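Asks: My structure is below; once you've seen it, I'll send some questions.
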Amino acid sequence: MELLAHFSHVVAVFLMVAGLYVVMARGNLIKKLVGLSVFQTSVYLLYIAPGKLIGGTAPILAPQYGLYSNPLPHVLILTAIVVGVATLALGLALAVRIREAYGSIEEDEIIAADNAAEEARP
Amino acid sequence: MTALHLAFLIPLLGALGIALAGRWPNLREGVTLATAALLFGTVLQLLEPVLAGARPELVLFELLPGLSIAFKVEPLGMLFGLIASGLWIVNSVYSIGYMRGNDEQHQTRFYVCFALSLASALAIAFAANLLTLFLFYEVLTLMTYPLVTHAGTDKARAGGRTYLAILMGTSILFLLPAVIYVWHVAGTTDFTAGGILPDGMDTGAVAVLLALFMFGTAKAALMPFHRWLPAAMVAPTPVSALLHAVAVVKAGVFSVVKIVVYVFGLDQLAGATDWLVAIAGFTIVAASVVALHADNLKRRLAYSTVSQLSYVILAAALLAPLSVIGAALHIAAHALGKITLFFAAGSIYTAAHKTEVSQLDGIGRRMPWTMAAFGIGALSMIGLPPAAGFISKWYLVSGAMSQGAWLALCVVLLSTLLNAAYFLPIVYRAFFRPLSADDEHHPHGEAPLPIVLALSFTAAGTLALFFFPDVPLALAQQLVKS
Amino acid sequence: MSLSAHLPALQVVLPLLSAPLAVLLRHGGFACAVVTAGAWAAFAAAVGLWLQAGEVGVVSYHIGSWAPPWGIEYRVDRLASFVLLLVSGTAAIVLPYSRASIEREIPREQHYLYYAMFGLCLAGLLGITITGDAFNIFVFLEISSLSTYVLIALGRDRRALAAAYRYLIMGTIGATFIVIGIGFLYLMTGTLNLADMAERLRDVESSRAVLAALAFLTVGISLKLALFPLHQWLPNAYTHAPSAVTAFLAATATKVSVYVLIRFWYSVFGESLVYVELPLPRIMLLLSLAAMFAASFTAIFQDNLKRLFAYSSVGQIGYITLGLSFDSIDGLTASIVHLFNHGVTKAALFLLIGGMVIGLAKSGTVPPAPTFDRLAGLAKRMPLTCFGIVIAGLSLIGVPGTAGFVSKWYLIVAALEKEQFWLVGAILLSSLLAVAYVWRFVEVAYFKPAAEGTTRREAPLGLLIPAWLLVIATIWFGLDTSFTVGTAAEAAQQLVRVGK
């Protein structure tokens, strides 16, 4: 029951950890970005969930609505989503450029290519 | 604009002039000589007021809140300033002969760094507080580094590395925390007669602080941080002569004496310097023993310097007014004597291309002036009349007796014998041994005239200081009285 | 209302506007002019704000006239004005330098984009510094970070791409941690205004959520400021970015992150939470020491000069965070002074290296990496550049007469005050490591014989003059400390007074 009461937090923490795990464990640059996005999304939930009141509406100042959700987290997260999308786009663009330059998007292959180039230098 | 301003401006402008005149060697050397002469004249102007009891001051600016870069001429600094600037003239004459005689590279850089080193040495001499002293102590290290590595060979680089590692390492590791600690406990770093440390400071803390200062000023070459001095001998001889017999090493012992007198105060230290007497004594004897075995002439002179520098530290550590006078006088006496010896070594190298003691058989007959001057310098090192070293040793011994420091007396006695043992054979060899067969085929005469002039002058100075010690003595007495 | 009343807004808006203008102009020269003008205007605004903050203590500006805590507040206290000066001043010097520097490092058709990104990065960093709103910090942080990733990726070497990518991953993780921390704080206090937050936190008593917020924020910011061992992104990023970018980032990006950390520790959480409830000072102390030794030691063995000084940066950041771990006014002063002094010194260094690689390149080719085998006998070829690097290097060591000495002095005074004598030894020992890596350069540049037939060929004047301006500043702030130490001491006192 305790767990269910904090359902939204549990989901957020799960997503957070899963996202971080993917970022760290995967060598594929695209998969890393996916993990990063999941990680960021978990934070959106963390913000939004406490702002929502069950039965609450948008904050309209009118006599028939007494109960409304806090709009501020929504606004903040809207900004954060924009930032997240921009980050993802930039990350993907970099991945494309890396593939053009290295012919691979696997991290270990990139590192190997760098090392080989370093050794080839007289 | 006071004389004190000029004392810093002249060498700086001189360095600039030398750099600009780099393309015309005659003009460049002319600028060097003129700068040196002007500087000495300026410093000399300060002498009279200082002897009369004035203490000219100059505050440049505040480096840290409450801590200024400031200068104040007091007797000991006056003495050091006079020696450094006076010998610079002689040394410049000598340098011209030496650098041209040996076709050295990068002569402009050499003269520029020399002028800047002199400026920093004067700044050390006239520093009014520990921070200023520390600042220019480091600057002097950096300015002399290009001079040590002048040849640019692997050996010179290795020597430079040792030089820098020891001098900079000790000053950062020991001297800097000591300075900051003094600031922390005393709230000031101004040199003040009688010391600035608060009364009733823990004796353990005083001892640690003293150790930090003594080992931090590695320019004084107290063992075990003496290795830089032999390493610095890869430099051209004029550098060894003026910097590593006079300006740099004297900046070290000068700082030691100044710190003992003006930061701690002789009374505060009573009883805390026994270990220092022991280490200084050990350095004197051990360095003499090493010198005894060194065949390379400059190396032998370097270890002799290490040993002689510790005379000054020993004299200061005895804490008797008489011995402190001896310390101040020894700064002057050793400077004149040792620069003569180095001049002679460089003269031999220039004329005969010899560097080892064992090669010097009979050289006195070909280079009578050089070797006669060498003999006078050697007498001064041993401490025999009629050379200046006798006077300083006299005061040192009197001070030791007044304190009943028998260990110090034994050290002085023993080292006098050792000094004689490693200097007199050179003189004997030069004048009384026959030339080796090999040398017969390589005739050479005296070194170039500027070299001979310079070394004759300093040798004469060594004798003169014995007969007319009035000015240094007056300054040294003021130091103790204040 | 007069112009001076709107300085806080202009501080950010001017460089922010210059960025899209640069894109619209689509021409390298015009873009450069516009963004440079923006940076200079920002610098002028920073000077104005510094003066204002000196008079009134704290300049508070309400964006859109919405009063805080509802509206966004720009808040300039002593510390903020100091950092604003550092950031905008560095930009004002680096931008004119860029003109000649990126000519060879970035394809011409991308120049206007470079300036646009630079303008954004500058606006972001200034925004972080000036804003008094927690979420605003995050937004500006991301503006500066995203543009930084692009700037790094503009480097000619393909490794620049990989470095930018790695920095993007690490930086985003750091930024997300910061958002989490801010989120917790918002949940606990219901406000985003930093000053308001600090006030309400006092009533909250220390709950686990607040401590979690503190931990998340500290870790996230530490990632951005490259605190050892979270520094892995830094060496590659600095090494492969275009020279002007490296110089700007080294002087500002990590420093602004330090500023954010100080801001949260002192102005929001207050000393009791940071220094008593969590073992943060002790952790900070250990990590700082590790940075000072491990990173400086690694620096000695680098083959690429840019990389060497990048590791040196990690080590020097250790000094800054060490000052924070003392929990004393002197320690904080030391941190702030070193933040500034090290910024100036490192900017000078990287600008000089940028000029050096251009001088090394054959005309019209891409500049090579400044590896040590290319630097043999360089002093003969570029005496001014090499001499400048030596002076800046002396400042890294902390030789008296340079800016680095002043910060070290305060750090040691702070350690003595805490009676941590072993720390004094550690600080001094680690400066000896700096001697080692600086002298590696000196020996190669001054004593290794140059290749046959090298003639004197200095870096172009357009690169030398800005770099030497900073070298002179390095010496100036080592001799006349009334500005740096004075401001830092005031800032520290202000922070501690408010944080109590």
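Asks: Filter the range B:19-56 for residues that are among the charged types (D, E, K, R) and touching a helix residue (DSSP H, G or I) at 6+ places or on another chain (Cβ under 8 Å) and give the result.
Replies: Within the range B:19-56, B:28, B:29 meet the criteria.
Asks: Of all residues in the range B:124-155, which are within 11 Å of another protein chain (Cβ to nearest Cβ), within 17 Å of residue B:242 (Cβ to Cβ) and within 15 Å of the chain's Cα centre (by Cα)?
Replies: B:141
Asks: Going by what's in this entry, would residue B:245 be described as assigned to a helix (DSSP H, G or I), small (Gly, Ala, Ser) and more than 14 Å from the chain's Cα centre (by Cα)? Reasoning before the result, please.
Replies: Details: assigned to a helix (DSSP H, G or I): yes; small (Gly, Ala, Ser): yes; more than 14 Å from the chain's Cα centre (by Cα): no.
Taking the combined requirement at face value, the residue does not satisfy it.
Asks: Being surrounded by 24 or more Cβ atoms within 10 Å (Cβ to Cβ), of a type outside the set (Ser, Thr, Tyr), within 12 Å of chain A (Cβ to nearest Cβ) and more than 20 Å from residue C:18 (Cα to Cα), is that true of even one residue in the range C:115-133?
Replies: yes
Asks: Something else about it: Only one residue in A:103, A:84 is at positive phi and either more than 9 Å from every other protein chain (Cβ to nearest Cβ) or touching a helix residue (DSSP H, G or I) at 6+ places or on another chain (Cβ under 9 Å) (or both). Which one? Give the steps one after another, and end with the answer.
Replies: Details: A:84 fails: at positive phi.
One residue alone meets the criteria, A:103.
Asks: Tell me whether the range C:422-440 contains one or more residues that are of a type in the set (A, V, I, L, M), modelled with pLDDT of 85 or more and in contact with an Asp or Glu (Cβ under 9 Å, 6 or more places away or on another chain).
Replies: Let us first name the residues in the range C:422-440 that are of a type in the set (A, V, I, L, M), namely C:423-424, C:426-429, C:432-436, C:438.
Next, only the ones that are modelled with pLDDT of 85 or more stay: C:423-424, C:426-429, C:432-436, C:438.
Still in the running and in contact with an Asp or Glu (Cβ under 9 Å, 6 or more places away or on another chain): none.
Looking through the range C:422-440, none of the residues is of a type in the set (A, V, I, L, M), modelled with pLDDT of 85 or more and in contact with an Asp or Glu (Cβ under 9 Å, 6 or more places away or on another chain).
Asks: Further question on the same structure: Residues of the range B:298-317 being among the β-branched types (Val, Ile, Thr) and more than 21 Å from residue B:274 (Cβ to Cβ), which ones? Give the derivation first.
Replies: Step one: of the range B:298-317, the residues among the β-branched types (Val, Ile, Thr) are B:305-306, B:312-313.
Scanning the range B:298-317 gives B:305, B:306.
Asks: To continue, here is another question. Looking only at the range C:355-378, which residues are touching a Pro at 6+ places or on another chain (Cβ under 8 Å) and in a helix (DSSP H, G or I)?
Replies: Keep residues of the range C:355-378 that are touching a Pro at 6+ places or on another chain (Cβ under 8 Å), which gives C:355-361, C:374, C:376-377.
If the condition is that a residue be touching a Pro at 6+ places or on another chain (Cβ under 8 Å) and in a helix (DSSP H, G or I), then C:355, C:356, C:357, C:358, C:359, C:360, C:374 are the ones that fit.
Asks: May I pose another question? Would you check which residues across the range B:98-108 are assigned to a loop (DSSP other than H, G, I, E, B) and either surrounded by 22 or more Cβ atoms within 10 Å (Cβ to Cβ) or within 14 Å of chain C (Cβ to nearest Cβ) (or both) and list them?
Replies: From the range B:98-108, those assigned to a loop (DSSP other than H, G, I, E, B) are B:102-106; that's our starting set.
If the condition is that a residue be assigned to a loop (DSSP other than H, G, I, E, B) and either surrounded by 22 or more Cβ atoms within 10 Å (Cβ to Cβ) or within 14 Å of chain C (Cβ to nearest Cβ) (or both), then B:105, B:106 are the ones that fit.
Asks: Among the listed residues C:211, C:230, C:217, C:185, identify the single one that is more than 25 Å from residue C:77 (Cα to Cα), assigned to a helix (DSSP H, G or I) and more than 10 Å from chain A (Cβ to nearest Cβ).
Replies: On the way: C:230 fails: assigned to a helix (DSSP H, G or I); C:217 fails: more than 25 Å from residue C:77 (Cα to Cα); C:185 fails: more than 25 Å from residue C:77 (Cα to Cα).
Just one listed residue meets the conditions, C:211.
Asks: Same structure again: Only one of (1) among the hydrophobic types (A, V, I, L, M, F, W, C); (2) within 14 Å of another protein chain (Cβ to nearest Cβ); (3) touching a residue at least 40 places away in the same chain (Cβ under 8 Å); (4) buried (at least 22 other Cβ atoms within 10 Å of the Cβ) is not met by residue C:153, so which one is it?
Replies: (3)
Asks: Is the range A:71-80 home to any residue that is within 12 Å of chain C (Cβ to nearest Cβ), small (Gly, Ala, Ser) and farther than 21 Å from residue C:216 by Cβ? Step through it out loud before you land on a result.
Replies: Just the residues of the range A:71-80 that are within 12 Å of chain C (Cβ to nearest Cβ), to begin with: A:72-73, A:75-80.
Narrowing the set further to residues that are small (Gly, Ala, Ser) leaves A:80.
Going one step further and asking which of them are farther than 21 Å from residue C:216 by Cβ, we end up with none.
Taking every residue of the range A:71-80 in turn, none turns out to be within 12 Å of chain C (Cβ to nearest Cβ), small (Gly, Ala, Ser) and farther than 21 Å from residue C:216 by Cβ.
Asks: Tell me, yes or no, whether the range C:448-455 has at least one residue that is touching a Gly at 6+ places or on another chain (Cβ under 9 Å), among the small types (Gly, Ala, Ser) and surrounded by fewer than 16 Cβ atoms within 10 Å (Cβ to Cβ).
Replies: Pass one, the range C:448-455, residues touching a Gly at 6+ places or on another chain (Cβ under 9 Å): C:448-451, C:454.
Restricting the remaining residues to those that are among the small types (Gly, Ala, Ser) gives C:450-451.
From what is left, the residues that are surrounded by fewer than 16 Cβ atoms within 10 Å (Cβ to Cβ) are C:450-451.
Looking for residues that are touching a Gly at 6+ places or on another chain (Cβ under 9 Å), among the small types (Gly, Ala, Ser) and surrounded by fewer than 16 Cβ atoms within 10 Å (Cβ to Cβ), one finds at least one in the range C:448-455, hence yes.
Asks: Then there's this: Can you tell me which residues in the range C:196-228 are under 18 Å from the mean Cα position of the chain (by Cα) and either exposed (fewer than 15 other Cβ atoms within 10 Å of the Cβ) or under 25 Å from residue C:161 (Cα atoms) (or both)?
Replies: The answer is C:220, C:221, C:222, C:223, C:224, C:225, C:226, C:227, C:228.
Asks: Just give me the residues in the range C:162-195 being more than 27 Å from the chain's Cα centre (by Cα) and either hydrophobic (A, V, I, L, M, F, W, C) or surrounded by fewer than 18 Cβ atoms within 10 Å (Cβ to Cβ) (or both), in sequence order.
Replies: Pass one, the range C:162-195, residues more than 27 Å from the chain's Cα centre (by Cα): C:184, C:186-191.
Scanning the range C:162-195 gives C:184, C:187, C:188, C:190.
Asks: In addition: Among what's in the range B:109-123 and is of a type in the set (Gly, Ala, Ser) and within 12 Å of another protein chain (Cβ to nearest Cβ), pick the residue that is farthest from residue B:249 (Cα to Cα).
Replies: Initial filter on the range B:109-123 (of a type in the set (Gly, Ala, Ser)): B:115, B:117, B:119-121, B:123.
Retained after the next criterion (residues that are within 12 Å of another protein chain (Cβ to nearest Cβ)): B:120, B:123.
Working: B:120: 13, B:123: 15 Å.
Only one residue tops the list, namely B:123.
Asks: Given the conditions (1) farther than 30 Å from residue C:488 by Cβ; (2) within 14 Å of another protein chain (Cβ to nearest Cβ), and given that residue B:89 satisfies all but one, which numbered condition is not satisfied?
Replies: Going through the list (1) farther than 30 Å from residue C:488 by Cβ; (2) within 14 Å of another protein chain (Cβ to nearest Cβ), residue B:89 breaks only (2).
Here's the yes/no breakdown for (1) in contact with a Phe, Trp or Tyr (Cβ under 6 Å, 6 or more places away or on another chain); (2) part of a helix (DSSP H, G or I); (3) of a type in the set (A, V, I, L, M, F, W, C); (4) under 18 Å from residue C:100 (Cα atoms):
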residue: C:29; (1), (2), (3), (4): no, yes, no, yes
residue: C:34; (1), (2), (3), (4): no, yes, yes, yes
residue: C:44; (1), (2), (3), (4): no, yes, yes, no
residue: C:53; (1), (2), (3), (4): no, yes, yes, no
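Asks: Then there's this: So how many residues does the range C:289-333 have that are among the polar types (S, T, N, Q), part of a helix (DSSP H, G or I) and over 17 Å from the mean Cα position of the chain (by Cα)? If you could, list the steps in order and put the result at the bottom.
Replies: Of the residues in the range C:289-333, the ones among the polar types (S, T, N, Q) are C:296, C:298, C:302, C:304, C:312-313, C:316, C:321, C:325, C:328, C:333.
Retained after the next criterion (residues that are part of a helix (DSSP H, G or I)): C:296, C:298, C:312-313, C:316, C:321, C:325, C:333.
Add one more test, that the residue is over 17 Å from the mean Cα position of the chain (by Cα), and what stays is C:296, C:298, C:325.
Qualifying residue count, the range C:289-333: 3.
Asks: Given the criterion surrounded by fewer than 24 Cβ atoms within 10 Å (Cβ to Cβ) and either away from every other protein chain (no Cβ under 13 Å) or not hydrophobic (A, V, I, L, M, F, W, C) (or both), identify the matching residue among B:84, B:52. Give the steps one after another, and end with the answer.
Replies: Working: B:84 fails: surrounded by fewer than 24 Cβ atoms within 10 Å (Cβ to Cβ).
Testing whether each residue is surrounded by fewer than 24 Cβ atoms within 10 Å (Cβ to Cβ) and either away from every other protein chain (no Cβ under 13 Å) or not hydrophobic (A, V, I, L, M, F, W, C) (or both) leaves just B:52.
Asks: Let me ask you something else. Look through the range B:350-391, keep the residues that are hydroxyl-bearing (Ser, Thr, Tyr) and assigned to a helix (DSSP H, G or I), and return whichever of them is surrounded by the fewest Cβ atoms within 10 Å (Cβ to Cβ).
Replies: Filtering the range B:350-391 for residues hydroxyl-bearing (Ser, Thr, Tyr) gives B:350, B:355, B:358, B:370, B:380.
In the following step, the residues that additionally are assigned to a helix (DSSP H, G or I) were identified as B:350, B:358, B:370, B:380.
Working: B:350: 21, B:358: 11, B:370: 29, B:380: 33.
This residue is B:358.
Asks: Regarding residue C:268, is this residue assigned to a helix (DSSP H, G or I) and closer than 25 Å to residue C:332 by Cβ? Can you show your working first?
Replies: Working: assigned to a helix (DSSP H, G or I): yes; closer than 25 Å to residue C:332 by Cβ: yes.
Against the criterion (assigned to a helix (DSSP H, G or I) and closer than 25 Å to residue C:332 by Cβ), residue C:268 qualifies.
Asks: Quick check: is even one residue across the range C:101-114 surrounded by 24 or more Cβ atoms within 10 Å (Cβ to Cβ), more than 30 Å from residue C:70 (Cβ to Cβ) and without any contact (Cβ under 8 Å) to a residue 40 or more places away in the chain?
Replies: No: the range C:101-114 contains no residue that is surrounded by 24 or more Cβ atoms within 10 Å (Cβ to Cβ), more than 30 Å from residue C:70 (Cβ to Cβ) and without any contact (Cβ under 8 Å) to a residue 40 or more places away in the chain.
Asks: Taking the range B:169-214, which residues are touching a residue at least 60 places away in the same chain (Cβ under 8 Å) and within 9 Å of another protein chain (Cβ to nearest Cβ)?
Replies: B:183
Asks: Output the number of residues of the range B:331-376 satisfying the condition of being within 24 Å of residue B:103 (Cβ to Cβ) and of a type in the set (Asp, Glu).
Replies: Summing the residues that are within 24 Å of residue B:103 (Cβ to Cβ) and of a type in the set (Asp, Glu) in the range B:331-376 gives 1.
Asks: Name the residues in the range C:156-180 that are charged (D, E, K, R), facing another protein chain (nearest Cβ under 7 Å) and in contact (Cβ under 8 Å) with a residue 60 or more places away in the chain, would you? Walk me through how you get there before you give the answer.
Replies: From the range C:156-180, those charged (D, E, K, R) are C:156-159, C:166; that's our starting set.
Still in the running and facing another protein chain (nearest Cβ under 7 Å): C:158-159.
Hit for the range C:156-180 is C:159, nothing else.
Asks: Taking helices (runs of 4 or more DSSP H) that do not extend beyond the range B:256-329, which have at least 2 residues that are under 26 Å from residue B:379 (Cα atoms)?
Replies: Numbers: elements: B:266-269, B:274-293, B:297-318.
By residue number, B:274-293, B:297-318.
Asks: Residue B:132 passes all but one of (1) closer than 23 Å to residue B:232 by Cβ; (2) buried (at least 24 other Cβ atoms within 10 Å of the Cβ); which number fails?
Replies: The failed condition is (1).
The values are calculated or read from the model by the stated rules, or taken from the named source; none is laboratory data. None of the values given here were measured: they were computed from a predicted structure. All Cβ positions, glycine included, derive from the backbone under ideal geometry; neighbour counts span all protein chains shown.
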